[in-house]
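*Asks:* One structure coming up, written as structure tokens, with questions to follow.
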Amino acid sequence: MKVLIVDDSTATRLILAGMFRDMGCDVLEAENGEEALKCIDSGEVHLAIVDWNMPVMDGLELVNEVRQREECKDIKIIMVTTETDIDKVGKAIDAGANEYIMKPFTKDMVLDKMRLIGIQI
Amino acid sequence: MEIITLDNFRFVADLLHQKTGIVLSDEKVYFVETRLSDLLRNEGIGSIEELIETIRRGRDAALEKKVLESLTTNETYFFRDVAPFEALRKVVLPDIIQRRQGERRICIWSLACATGQEAYSIAMVIREHFPQLASWDLKIIGADYSREVLEKAKSGTYSQFEVNRGLPVSYLLKYFIKEGDRWLLKDSVRTLTEFVEFNLLDSRYSLPTPDIVFLRNVMIYFDLETKKKILANVKNTMRRDGYLFLGTAETTLNIDNSLERHVFEDNCACYRIGQ
């Protein structure tokens with residue numbers, strides 16, 4: 001499974017990338033939404049873990065953009081962000097995110113949410 | 001951290017086994033020291049020696065209960081293991097609804113419910129998928145030994161960490177209100193539940209007769225005799241055509257072979273009284 005991690009925090013990308021590589025996944029990393037779109041264009045991505053607040057193109061814009069592309073409709077998106085306002089959670093889901101995790105997170109949280117959207121590793 | 005003597009450890013372990021059925025082996029000394037050290041701080045007691053001496057004298061039942069409560073495990077989260085809730089939605093509730101068309105009453109137990117996430121997960125499944133039950137007499141009873149966790153369960157209020165674990169975001173948006181940094185369950189879910197203090201070792205279960213029982217990830221803490229006693233109590237109390245869910249790693253095999261195992265999707269199993 002190919003997983004794309006989109007976060008401007010190097011530390012968060014490191015943690016998530018290590019976690020998914022340990023599970024045997026191929027991992028791509030992007031620092032913002034624009035870089036993420038290039039990764040998506042370059043190959044099949046099954047799951048995207050997306051932060052909200054990033055420079056250039058933020059996570060919500062990225063989700064909106066991905067969901068407008070017919071060829072990306074099967075990509076599962078989990079937002080992992082410090083945004084905890086219920087209206088913002090609703091906005092992310094309305095835009096097309098499949099699940100939402102509020103930072104700080106644990107590996108178990110990510111695994112539980114993956115299971116909820118039908119991804120078993 | 002406070003150190004406990006082997007004699008005091010065994011006294012506490014015996015008391016816990018006698019009052020709750022939970023078995024603590026000798027390698028759990030560190031666990032007991034950690035939990036009792038927290039209790040000492042909260043109660044303003046100087047040492048474990050002093051605490052145990054008070055309990056040994058038998059004059060402070062409330063403190064004894066706090067000691068025992070501090071040694072119970074309250075790990076729980078929303079929709080734990082997912083599969084039992086899928087089985088509930090797809091098979092168990094449709095069957096029970098069919099069987100109870102006449103009386104229009106359903107009772108579900110969530111035993112050793114801790115802070116209530118299992119009971120509320122069941123309630124959310126019902127609100128989400130079974131609108132026809134709105135006019136039924138339906139109750140989900142969460143029961144636990146610990147008063148402290150029951151108070152939290154009754155409040156229906158959870159931290160960000162707790163709602164992050166296992167709860168589908170669509171349910172968070174639909175059934176919770178955010179108050180400051182806490183998440184509060186809406187009344188539409190809370191009114192389906194009731195939380196009561198309860199000991200699985202009681203000789204007779206005084207709760208309303210259940211159609212469905214969740215007794216998950218509890219039996220692992222008991223010895224064989226206690227497991228037999230609890231299963232017998234559950235079996236004698238639940239409806240003859242009811243359903244019993246145990247934890248993924250738990251079984252009735254060699255404990256009560258009269259209970260029949262029924263396997264659903266994802267290898268999720270539940271148990272029924274042989275018809």
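The values are calculated or read from the model by the stated rules, or taken from the named source; none is laboratory data. Just so you know, these numbers come straight off a predicted model, no measurement behind them. Please note: Cβ atoms are built from the backbone with ideal geometry, for glycine as well, and neighbour counts cover all protein chains shown. Remember, those area values only see protein heavy atoms, side chains included, never the ligands or the DNA or RNA. Shrake-Rupley method; radii C 1.70, N 1.55, O 1.52, S 1.80 Å.
*Asks:* Given the rule -39500 (n - 2.57) for each run of at least 4 DSSP H residues, summed and divided by the residues of chain B, what is its mean residue ellipticity at 222 nm, to the nearest 500 deg cm²/dmol?
*Replies:* -12000 deg cm²/dmol
*Asks:* Let me ask another. Excluding residues on the same chain fewer than 8 positions from B:K229, give the lysines whose Cα lies under 19 Å from its Cα.
*Replies:* B:K19
*Asks:* A follow-up question, please. Under unit Cβ charges (Lys, Arg +1; Asp, Glu -1), what dipole magnitude, rounded to 20 debye, does chain A have relative to its Cα centre?
*Replies:* Taking the Cα centre of chain A as origin, the dipole is about 400 debye.
*Asks:* Okay, moving on. What figure in square angstrom, to the nearest 10, would you give for the accessible area of B:T248 with a 1.4 Å probe?
*Replies:* Spelled out: B:T248, probe radius 1.4 Å, area about 120 Å².
*Asks:* Right, next: Among A:K103/B:K66; A:K91/B:K174; B:K90/B:K227; A:K73/A:K107; B:K139/B:K235; B:K139/B:K174, which pairs are too far apart, with a Cα-Cα distance over 24 Å?
*Replies:* The pairs that break the limit, which is 24 Å between Cα atoms, are A:K103/B:K66; B:K90/B:K227; A:K73/A:K107.
*Asks:* Would you calculate a helix-derived [θ] at 222 nm for chain A, using -39,500 (n - 2.57) for each DSSP H run of n ≥ 4 and dividing by the full residue count, to the nearest 500?
*Replies:* When only DSSP H runs of four or more count, the value is -13000 deg cm²/dmol.
*Asks:* Please report, to two decimal places, log10 I(q)/I(0) for segment A:2-113 at q = 0.15, 0.17, 0.20 Å⁻¹ as given by the Debye formula with identical point scatterers on the Cα atoms and no solvent.
*Replies:* Here the Debye-derived log intensity ratios amount to -0.55, -0.73, -1.05.
*Asks:* Here's another thing I want to ask about it. Roll a 1.4 angstrom probe over the protein heavy atoms and tell me the percent of accessible area of the protein assembly as shown that is carbon or sulfur.
*Replies:* 47
*Asks:* Here is a further query. How much of B:C270 can a 1.4 Å solvent probe reach, expressed as accessible area in Å² and rounded to 10?
*Replies:* Looks like 0 Å² after rounding.
*Asks:* Within straight cross-link reach of B:K28, meaning Cα distance under 14 Å, which aspartates and glutamates are found once same-chain residues fewer than 8 apart are removed?
*Replies:* Within reach: B:D7, B:D14.
*Asks:* Estimate for me the total accessible surface buried between chains B and A (protein heavy atoms, probe 1.4 Å, no ligands or nucleic acids), in Å² to the nearest 100.
*Replies:* The contact between A and B buries close to 1600 Å².
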